[in-house]
Every structure is written in structure tokens, then in C-alpha cells.
Amino acid sequence: MRICFLSLVALVVLDNLVAHANGPWPTAERPLEERFAAPPADARILKIIHHFPKAQEAQDSLFRGLAGQGFGGMATNVSFDQYLENEENWASFVRGIPAAKAAGLSLWLYDEKGYPSGNAGGITMREHPEWEARGRYFVEADSSGGSVQLQVPPGALVRAAAFPVAGGVVSLEGAVDLAVAIKDGRLSWDAPSGNWHVMVMTEDRLYEGTHAAESLADKLPYINLLMPEPTSRFLEVNHGGYAKHLGDNLGPCFVATFTDEPSLMSLFLRKQPWTVLPWSPNLPVEFEKRRGYPLEPVLPALVAETGAKGMSVRYDFWKTVGELVSENYFGQIQSWCRAHGLASGGHLLLEESM
């Protein structure tokens, strides 16, 4: 019975969509029942249009076609060709936006050349490679005595140590420094009797195996979301380009910006032989300032089982990471959008299956 009812609703809605398929769409100032039957433009699916036609006739044909297909409008951007740096592309975009609005379309501003957002097509990190996403890499092994062999992760060595284990809990006290046991990219250690948790930690850029390298768009090094500087520069060159060409008040042009799949790059999309945690040069300072104790001495507790203390450290670490991303990436974008008359939208790196 429920399936039949939903099917009937779908048919009624589809019938109304077809009836209004030539747009402009009915306005939003109507009762809920009417808006459900014939949604206004801003409540409909928006088609992503990354390459704006240059010719006026082609633009107008695009706008008519979107309405004819039942779309409420589009999420769009200046052409990816010489992204942000081609004035001819800007001219066609500046002509098309008011024409699309006049045709009754609802518009969102797509904020990147592809995804993930933040690079501005590679412009953000020009002359600033130090802004690239970074991570702390970990490789671990348990031993009850005898030979331990570990391949050292990429990057600069931060720490190599063996920690005593009692009752399944790793103790950060009494650690044995194993830096001297590393040669030619491998750790080789003859563990004495007893239970040990062996760990090697390095620091390096986050690229291989990450979303940045596996993206279907441009494969580019990605910005560090924990730092304020790269997002500030991103807003200057990317969002600032739209304000320069369309005016400081972007509200009459767009409902919102759409930031696409920003991430810390600390989740491997292609399997790697090590664990990784997000990192940035400012993280230790911010952690101690916000949580009241230094981060470096307790880093092993983020990946090894160290009991109740370790759970507290993990909570504090991820709380700090969340705060920094909220402030330095999303917070800066939201502040910029508020100052320029539009909302800030988008989605993170997760697409749920139907």
C-alpha cells in the first residue's frame, strides 16, 4: 500500500514538472502543497555547468535547455580553461550570470577547478609548497622477543621506539629509543624477552594514495586545512576573482558557494602499508594552547592502545583538529561569504550509497 501511495505521489509530481517544463518556475511565495507539486527554481536539482559558452546565443540556449529538462538552475563557475586568469572567459561569464537570473534560474557558485576545493586550480600554492597537506606516518609491530623488522614510512624520522606492554596496554614510560636500529629505510631490532610494541613515526607530505592523487579531476598537491594561510590565499585568488568581476555583493547572483570535498588527506583511497594522522606546523602549538599539555610526548597514544589516558589524548587530538578545520577552512569561507552577501555550502569527502 505504501509503495502504491509513493508511486502515485511521484506520478503527480512528475506530471506537474512536465507541465512547467518551459519555465520560468513558479515562485516560492505559495502554500507548501503547491510548492511540493511544482517546486520553485531554488528547490529543484541544479545541474553542474563547469564550462560556460562564450557566445550569447549558446548561453541563452543553455538556459532554456536547463528549464526544459526540469532543472531549477545550475552550480557554475568561470571556465576551467586558464581558470581565473583568462579575461575572455570572465567576460562571457559576467554576461551570462544576469542573463541566467533573468531566465528565472537559481545559481550556486562552484568554487574550484574540479575538486577537492582549495587549490584554485593550482594557483593557491604557487610559491608556497609549505602549505601542502602533511601527515604523521606510523608503522607498528608487536613482539614478545626476537627479531623485529619494519619498513620505515616515507619522510623525515620523528621517532622510533619500543614500548613495554603489560596486560595488553602499552606504556609510554620506559620506552627504548630505536633510532640507531634504522638503516637503509628499515628498522631491525632484536627485542629482549617480554612484551613490546614497536613503532616508527615519520612526517611527510600527504599525496600518494590520497584523494589528491586519486581524484578524477586534476591530480594536484592539496592545501593543508589545519593552517589559516592557504585558505586565506584561496579566498583571495578564487572567490576574490568573482567579487572583482561581478561586484562585492554576490547575493543577487548566487544563493551560495559550493565547496567540493575538502579533506585532510589523512584517509588513503589506495591502500598503503602505514597508518597516517593529519599534521601541520601549527598543530603542536595550537594543541598545547587549547588542551593544556604538549602533544609530541603523547603521540604514540593516538595509534597504540594505552588505556584510559590514550582515549583522552585521542579525544583532545581530534577535537583540536576539528576546531582548526572549522576555523581555518570553513570559518574563513563562511566569513568571506557573509561579507559578500551569500551563503556558504558544499559537501565533504563522503558520498553515501543509495
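Numbers at a glance
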quantity: Residues within the stretch 321-348 that are within 19 Å of the chain's Cα centre (by Cα) and either of a type in the set (S, T, N, Q) or not in a helix (DSSP H, G or I) (or both), tallied; calculated: 11
quantity: Which numbered condition Leu84 misses (of (1) out of contact with any Pro (no Cβ under 9 Å at 6 or more places or on another chain); (2) farther than 23 Å from Asn328 by Cβ; (3) among the aliphatic types (A, V, I, L, M)); calculated: (2)
quantity: Breaking point among (1) under 20 Å from Leu349 (Cα atoms); (2) part of a loop (DSSP other than H, G, I, E, B); (3) not hydroxyl-bearing (Ser, Thr, Tyr), for Phe258; calculated: (2)
quantity: Scan of the stretch 252-268 for residues that are under 18 Å from Gly73 (Cβ atoms) and open to solvent by 30 Å² or more (accessible area, probe 1.4 Å), ordered by number; calculated: Pro252, Val255, Phe258
quantity: Every residue from the stretch 21-54 that is under 16 Å from Pro98 (Cα atoms) and in a loop (DSSP other than H, G, I, E, B); calculated: Pro24, Phe52, Pro53, Lys54
quantity: Members of the stretch 261-280 found to be within 19 Å of the chain's Cα centre (by Cα) and not in a strand (DSSP E or B), listed by number; calculated: Glu261, Pro262, Ser263, Leu264, Met265, Ser266, Leu267, Phe268, Leu269, Arg270, Ser280
quantity: Test: Lys271 is open to solvent by 20 Å² or more (accessible area, probe 1.4 Å) and free of Cβ contacts under 8 Å to residues at least 40 places away in the same chain; calculated: no
quantity: Residue that is most open to solvent (accessible area, probe 1.4 Å), among those in the stretch 298-324 that are farther than 19 Å from Tyr137 by Cβ and among the hydrophobic types (A, V, I, L, M, F, W, C); calculated: Met311
quantity: Residues of the stretch 314-334 that turn out to be within 15 Å of Pro230 (Cα to Cα) and among the charged types (D, E, K, R), as a count; calculated: 1
quantity: Test: residue in the stretch 55-64 that is at pLDDT 95 or above, part of a loop (DSSP other than H, G, I, E, B), open to solvent by less than 100 Å² (accessible area, probe 1.4 Å) and not hydroxyl-bearing (Ser, Thr, Tyr); calculated: no
quantity: Hey, Glu130 modelled with pLDDT of 95 or more, open to solvent by 50 Å² or more (accessible area, probe 1.4 Å), under 30 Å from Pro221 (Cβ atoms) and in contact with a strand residue (DSSP E or B) (Cβ under 9 Å, 6 or more places away or on another chain) or not; calculated: no
quantity: Positions within the stretch 65-98 being open to solvent by 20 Å² or more (accessible area, probe 1.4 Å) and in a loop (DSSP other than H, G, I, E, B), in sequence order; calculated: Gln69, Gly70, Phe71, Phe80, Asp81, Gln82, Leu84, Glu85, Asn86
quantity: Residue list for the stretch 299-354, filter: over 30 Å from Tyr242 (Cβ atoms) and hydroxyl-bearing (Ser, Thr, Tyr); calculated: Thr306, Ser312, Tyr315, Thr320, Ser353
quantity: Identity of the residue in the stretch 277-297, open to solvent by 20 Å² or more (accessible area, probe 1.4 Å) and touching a helix residue (DSSP H, G or I) at 6+ places or on another chain (Cβ under 7 Å), that ends up nearest to Arg134 (Cα to Cα); calculated: Pro284
quantity: Test: residue in the stretch 313-320 that is β-branched (Val, Ile, Thr) and either in a helix (DSSP H, G or I) or closer than 29 Å to Ala162 by Cα (or both); calculated: yes
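The values are calculated or read from the model by the stated rules, or taken from the named source; none is laboratory data. Keep in mind that what you see is a predicted model, and the values were worked out from it rather than measured. Positions of Cβ are backbone-derived with ideal geometry, glycine not excepted, and every protein chain shown enters the neighbour counts. Note: areas computed on protein heavy atoms with side chains; ligands, DNA, RNA excluded. Shrake-Rupley method; radii C 1.70, N 1.55, O 1.52, S 1.80 Å.
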